[in-house]
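Student: The structure under discussion is supplied below as structure tokens; questions concerning it will follow.
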Amino acid sequence: MERASDVPESLARSADRRQVNDYDAFAEGYSAETENNLVNAYYERPAMVALAGDVTGRRILDAGCGSGPLSAALRDRGAVVTGIDASAGMLALARRRLGDDAALHVADLRDPLPFDDGTFDDVVASLVLHYLEDWGPTLAELRRVLRPGGRLIASVDHPFVAYTIREPRPDYFATTSYTFDWTFDGRSVPMRFWRRPLHAMTDAFATAGFRLSAISEPQPDPAARELFPDGFHDLSTRTSFLFFVVEVPPVSDRGEMA
């Protein structure tokens, strides 16, 4: 998962980074900052829940579950949720939130997943795919663990925003990485993300065998208007994240993919 912000050019960038995206190093700080903030609590998570719709009884994999706020929201709405994350520290916080009996697993989305084919009705991937240089193997695995007719609901940095983070702006049509520092509890931590054009995203879903159902650029929760009056106006008038719903084609009566 990712904390959203416009990243000013003044943020320090370092070419000599020994370790990036180390969520174990700042799990507590990240979880605390994103628990009730505008962008995560009143924009990204509500949008994911809305796109998921009625999840009563659905088996959902939260891929990159972090400390578990989206898992908790889906479970509260009747879903049977399994969470995976590459960070043991984040999963410890998720277990604290969800309980000792929660189905939580340390797993890296770049590796094969520890689930049988067709295990889940839905996968949610909240602000995680933009950590990956190559979406292909990950999307293939997510498709594998979904049943026919199952859905992948994903949010990523909006490509138009991602290409304004660094100057001079790179080639929009190239897949490129960018790095900057986040600060939690007074500690600066290095982060790396990958940006790609919109067509590369939709092509990756299609190559993995998904069928595009929806692309969404939602508005923040209206309840945030009074809580965050300045930020609400900014967030409701500019791009921030892009949301996808893609589906595994159902099996036809002849046993073939429709």
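What follows is calculated from the coordinates using simple rules that are stated; it is not laboratory data. Owing to the predicted nature of the structure, the values given are computational and were not obtained by experimental measurement. Neighbour counts run over all protein chains shown; Cβ positions are idealised from the backbone, glycine included.
Student: Over the Cα atoms of the chain, how large are the radius of gyration and the largest Cα-Cα distance (Dmax), in Å?
Tutor: 17.9, 60
Student: From the phi of every residue in region 185-192, what ³J(HN,Hα) in whole Hz does the Karplus formula 6.51 cos²θ - 1.76 cosθ + 1.60 yield, where θ is phi - 60° and glycine or proline is x?
Tutor: Running phi through 6.51 cos²θ - 1.76 cosθ + 1.60 with θ = phi - 60° gives 6, x, 10, 8, 10, x, 10, 10 Hz.
Student: Which one of 104, 140, 220 is farthest out on the positive end of the charge dipole of the chain, using unit charges on Cβ (Lys, Arg +1; Asp, Glu -1) and the Cα centre as origin?
Tutor: The residue sitting most towards the positive pole is 140.
Student: Another question, then. Which one of 207, 87, 197 is farthest out on the positive end of the charge dipole of the chain, using unit charges on Cβ (Lys, Arg +1; Asp, Glu -1) and the Cα centre as origin?
Tutor: 207
Student: Right, here's the next one. So who's got an amide H within less than 5 Å of the one on residue 79, skipping anything under 5 residues away but keeping other chains? H placed 1.01 Å off N, in plane.
Tutor: Counting only residues 5 or more places away or on other chains, the set is 57.
Student: What ³J(HN,Hα) values, in whole Hz, does the Karplus curve 6.51 cos²θ - 1.76 cosθ + 1.60 give for region 236-248 when θ = phi - 60°, with x put for Gly and Pro?
Tutor: Calculated HN-Hα couplings, in order: 7, 10, 9, 7, 9, 10, 10, 10, 10, 10, 10, 10, 7 Hz.
Student: Please give the calculated 222 nm ellipticity per residue for the chain, where each DSSP H segment of at least 4 residues contributes -39500 (n - 2.57) and the sum is spread over every residue; nearest 500 deg cm²/dmol?
Tutor: On the way: 9 runs with 71 residues, N = 258.
Taking each H run of at least 4 residues, the total per residue is -7500 deg cm²/dmol.
Student: Each residue of region 61-72 in turn: what ³J(HN,Hα) in whole Hz from Karplus with 6.51, -1.76, 1.60 and θ = phi - 60°, glycine and Pro shown as x?
Tutor: 9, 8, 8, x, 6, x, 7, x, x, 6, 4, 5
Student: Just for the chain, what percent of DSSP beta bridges are antiparallel, to the closest 5? Let's see the in-between values first.
Tutor: On the way: 22 of 40 bridges.
Here the antiparallel bridges make up roughly 55 percent for the chain.
Student: If amide H atoms are built 1.01 Å from N in the plane of the peptide, which residues on other chains or at least 5 residues away come under 5 Å of the amide H of residue 184?
Tutor: The answer is 189.
Student: Let me ask something else. Name the residues whose placed amide hydrogens come within less than 5 Å of the amide hydrogen of residue 132, ignoring near sequence neighbours (fewer than 5 apart) on the same chain.
Tutor: 194
Student: Let's see if you can work this out: charge +1 on each Lys and Arg Cβ, -1 on each Asp and Glu Cβ, no other charges. What is the dipole magnitude of the chain about its Cα centre, in debye to the nearest 20? Mind showing how you got there, number by number?
Tutor: Values: 27 positive and 39 negative charges, 50 e Å.
So the dipole magnitude of the chain works out to roughly 240 debye.
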